[in-house]
Amino acid sequence: MKKVLKYVLYDILRNRFVIAYTLLLLLISLAFFGFEVNPGKGVISLLNINLIVVPLVSIIFASTHFYNSYEFLELLASQPLSRKTIFFSQYLGVSISLLMAFLIGVGLPVLVYEGTITGFRLVLTGSILTLIFVSLAFLSAVITRDKAKGMGLALAIWFYFSVVYDGLVLSIFLNFSDYPMEKATVLFSLLNPIDLARILVLIKMDVSALMGITGAVFQSFFGSASGLAVSLTALIVWFISPVLVAFSKFNKKDL
Amino acid sequence: MINLKNILLLIITFSLLQFYALNVNARIIKVQKQSELLEALRNAKAGDKIWVYEGQYQVNNLLINKPIELIGKNLPIFDGLYKGEILTIKSDNVVVSGIQFQHVGVTSVIDWAAIKVIESRNVLIEKNKIIDCYFGIYLSASNNCTVDNNEVHGSPSNEQNTGNGIHFWKCDSLFVKNNFVEGQRDGLYFEFVTNTTVERNVSIRNIRYGLHFMFSHKNSYAYNTFDSNGAGVAVMYTKFVKMHHNIFKNNWGSAAYGILLKDITDSEIEYNIFDNNTMGALLEGCNRINIVQNEFKHNGVAMRIQANCEENTIVNNNFINNTFDIATNGNVVSNTLDSNYWDKYEGYDLDKNGIGDINYRPVSLFSTLIERMPQAMMLLRSFTATLLDKIEKVIPSFTPENLKDDRPLMLPFKIITSDYDPL
């Protein structure tokens, strides 16, 4: 597995996309921290990168990579290697490279400029989001054989989690505004990793706003240690379950 | 027949004698024991000085009813043993200085206080330390008094069983300065107090308000710090207030405000700092207030202006790093917003005159949305919320049309801040 993983990583590094991504993130982070007098505001701007760019790049890159190395997969499958080795070396190769890119591109500048608990949460949630969207990409790529369809599905997943879901939640709030929805908000936020990641960072950052009546439930749930444990568990479930489903599909799949 | 001249002479001689007697007979009575203290207070004549030396004095309901000076040497301790009040002053020209008062009991009938001043003038209360008392310093119907450099430390239980740190009722022309109040119900409390100067006080960790005043016209509050109070600062029903160079910070909670202004009119709020509050300032029923050169930073909502406020001017303030800059509950706004610095401003300044060329709308659609659906707080800073705000900025339909700053500044003001920050 180590050997295969090495080839996968080598392959990813050779096409230079990940290096470009790293540099892009690094430049953006440095620019945000450099332009803003207040590092707190830099974190807010980076949060947007975290919630939109990181999932998008992760899911698109992982899908593209999976389809592009399909022939390589077939070659590997013809060797005496288990499907598990093949699948997870691909998965780990992509995740590790994207994770490194994120840690260097965002993690380092945050560490330098805003080494607070907020900064730490930003990096942590960004890393988990990377993993989640790589998992989702693998799932969608395993399900669909056709590349165009698969890429479309990947984009649709990203679009759903970053835009559509919030719109749905908003319309639910509007339609059910006569009912007590405080507890439901917690459930709604657990069902979308991007929302969850955002809230985990915001709870440390906008704590004074969330302390109002409006944020009381939020504050008591996400601010508490058990709430933090639940939300981190939810995030981990969000990245492990798709990859496990993808693997079981891949295991039975007729390449 | 007694002629007028003689009468005059007699009066002058008499008054001179009085004067003479007052000054020459002004003794210094030194006190080292409890019994001596009681005796000294009983026998002291107008103008006497009582020096109380270091030690424990278990006293209740002491009364000063003549103009004397009660001066502590090396902080003697007056202990009320939770039985009642400690010191009551019912005379003009009294000085109480350098004494530690402790353990005043709690009653619901009378406001027991460590030092109570009733219907007196020119009383000076300075350098005292008050620990674990129901009310700390209590002035009632007294004028021209000074409360300077005192420390009040309370041990709060709940709002009912905790009194105010420094409490003024129906007073005029006071000086309240350099005091430190902690752990009481309201740190500084003013009701029907006029023409008073309140300067350089620190009021922290009180369970209700750091500063609370009602019907207290023409007072000025400067260089005070109000920090981490249960519900911040609340001021009500008052005209002609001047508040400048104060710091309001760290007031968190669903009903906590940096400052709550209710029915305040014709007042000035300048050079203050509102830092890290759930709500920086709440204006309700306020008219003709000038809010100039204040700094609002790291607040949940920097300023909330209810629709019943009119003709307030909000000029040259800095709004930095607040989650929401301005919130309101109506569509008609008759207040002036001009030349403020908003860190969320995204406009440009082509002619480089330091003023943004397009206006800024500080009320975001999302904050309006939260007014109606508090749960929507879940979407704070999400892509969807940002998108909604952007759309609203281009075509305003939900947020108040005329609440805008036509000349937003490109750079923040350098605000002259209080030089005194104990924390």
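Which one of B:Ala234, B:Asn179, B:Ala302 has its Cα pushed farthest toward the positive end of the charge dipole of chain B, where Lys and Arg give +1 and Asp and Glu give -1 at the Cβ?
Comparing the listed Cα positions along the dipole, B:Asn179 ranks first.
Give the distance, in whole Å, between the Cα centre of region B:136-215 and the Cα centre of region B:278-330.
The two parts, judged by their Cα centres, are 26 Å apart.
I'd like the mean, over residues of B:362-372, of how many other protein chain beta carbons sit within 10 Å of each residue's own Cβ.
1
Please identify the chymotrypsin sites (Phe, Trp or Tyr not before Pro) of region B:81-188 that satisfy two criteria: DSSP loop assignment and at most 15 other Cβ atoms within 10 Å. Which are they?
Loop-located and lightly packed - B:Tyr82.
When Cβ neighbours within 10 Å are restricted to other protein chains, what is their mean count per residue of peptide B:382-389?
6
Output the relative contact order of chain B, whole-number percent, from Cα pairs under 8 angstrom with separation of 6+ residues. Intermediate results must be reported in sequence, preceding the final value.
Values: 1303 pairs, mean separation 27.8, N = 423.
7 percent.
Could you tell me which of B:Gly84, B:Ile64, B:Ala44 has its Cα farthest along the dipole of region B:29-85 towards the positive end, charges placed at Cβ (Lys, Arg +1; Asp, Glu -1), taken about the Cα centre?
Looking along the dipole axis, the top candidate is B:Ala44.
With angles folded into 0 to 90 degrees, how steeply does helix A:147-159 sit against the dominant principal axis of chain A? Use alpha carbons for both and round to 10.
Roughly 10 degrees between the two axes.
Any idea which of A:Tyr21, A:Leu92, A:Val112 is furthest toward the positive side of the dipole for region A:1-122, if Lys and Arg beta-carbons carry +1 and Asp and Glu beta-carbons -1?
Of A:Tyr21, A:Leu92, A:Val112, it is A:Leu92.
In whole Hz and in residue order, list the ³J(HN,Hα) couplings for region B:29-38 that follow from phi through the Karplus curve 6.51 cos²θ - 1.76 cosθ + 1.60, θ = phi - 60°; x for Gly and Pro.
My calculation for region B:29-38 gives 9, 9, 10, 10, 10, 4, 5, 4, 4, 4 Hz in order.
So for region A:114-190, what are the equivalent ellipsoid semi-axes in whole Å, largest first, each being the square root of 5 times an eigenvalue of the Cα gyration tensor? Provide the component values of the computation, followed by the final result.
Numbers: eigenvalues 155, 103, 17 Å².
Ellipsoid semi-axes (Å, largest first): 28, 23, 9.
Work out the mean other chain Cβ neighbour count within 10 Å for the residues of A:166-174 and drop it here as an integer.
On the way: counts 9, 5, 1, 6, 10, 0, 1, 8, 4.
The shielding value for this peptide is 5.
In whole Hz, what ³J(HN,Hα) sequence does region B:123-138 give by Karplus (6.51, -1.76, 1.60; θ = phi - 60°), x for Gly and Pro?
Each residue's phi maps through the Karplus curve to give 8, 10, 10, 9, 6, 9, 10, 10, 10, 6, 10, 5, 9, x, 10, 10 Hz.
Any idea what Rg and Dmax come out to for chain A if you just take the C-alpha atoms, in Å?
19.4, 62
May I ask you to evaluate 6.51 cos²θ - 1.76 cosθ + 1.60, the Karplus curve with θ = phi - 60°, for each residue of region A:65-80 and list the ³J(HN,Hα) values in order in whole Hz, giving x for glycine and proline?
4, 4, 5, 5, 9, 5, 5, 5, 4, 4, 4, 4, 5, 7, 8, x
With runs of 4+ DSSP H residues as the only contributors, calculate the mean residue ellipticity of the protein assembly as shown at 222 nm using -39,500 (n - 2.57) per run, divided by the residue total and rounded to the nearest 500. Before the final figure, lay out each step's value.
Working: 19 runs with 254 residues, N = 678.
Taking each H run of at least 4 residues, the total per residue is -12000 deg cm²/dmol.
Would you work out the charge dipole size for region B:120-196 about its Cα centre, treating the Cβ of every Lys and Arg as +1 and the Cβ of every Asp and Glu as -1, and quote it to the nearest 20 debye?
Charge dipole, region B:120-196, about its Cα centre: 200 debye, nearest 20.
If you scale each eigenvalue of the Cα gyration tensor by 5 and take the root, what three semi-axes come out for region A:129-255, rounded to whole angstrom and sorted largest first?
In descending order, the three semi-axes are 32, 17, 12 Å.
Which cross-chain or sequence-distant (5 or more) residues have an amide H under 5 Å from the amide H of B:Leu70, H modelled 1.01 Å from N in plane?
Long-range HN contacts for B:Leu70: B:Ile50, B:Val95, B:Val96, B:Ser97.
Could you list which residues have their amide H under 5 Å from that of B:Asn277, counting only those 5 or more apart in sequence or on another chain, with H placed in the peptide plane?
B:Asn250, B:Asn251, B:Asn299, B:Gly300
Rounding to the nearest 10 and keeping the result within 0 to 90°, find how far the Cα-based axis of helix A:193-205 lies from the longest principal axis of chain A.
On a 0 to 90 degree scale, this one is about 40.
Which far-off residues, 5 or more places away or on another chain, put their amide H under 5 Å from the one on B:Gly210, with H placed in the peptide plane?
Amide H neighbours of B:Gly210, under 5 Å, 5+ apart: B:Gly187, B:Ala231, B:Gly232, B:Val233, B:Ala234.
Here, each number is a calculation from the coordinates, and none is a lab measurement. Here the structure is a predicted model, which is why all the values come from computation and not from measurement. A quick note on method: Cβ atoms are made from the backbone with ideal geometry, for glycine too, and the neighbour counts reach across all protein chains shown.
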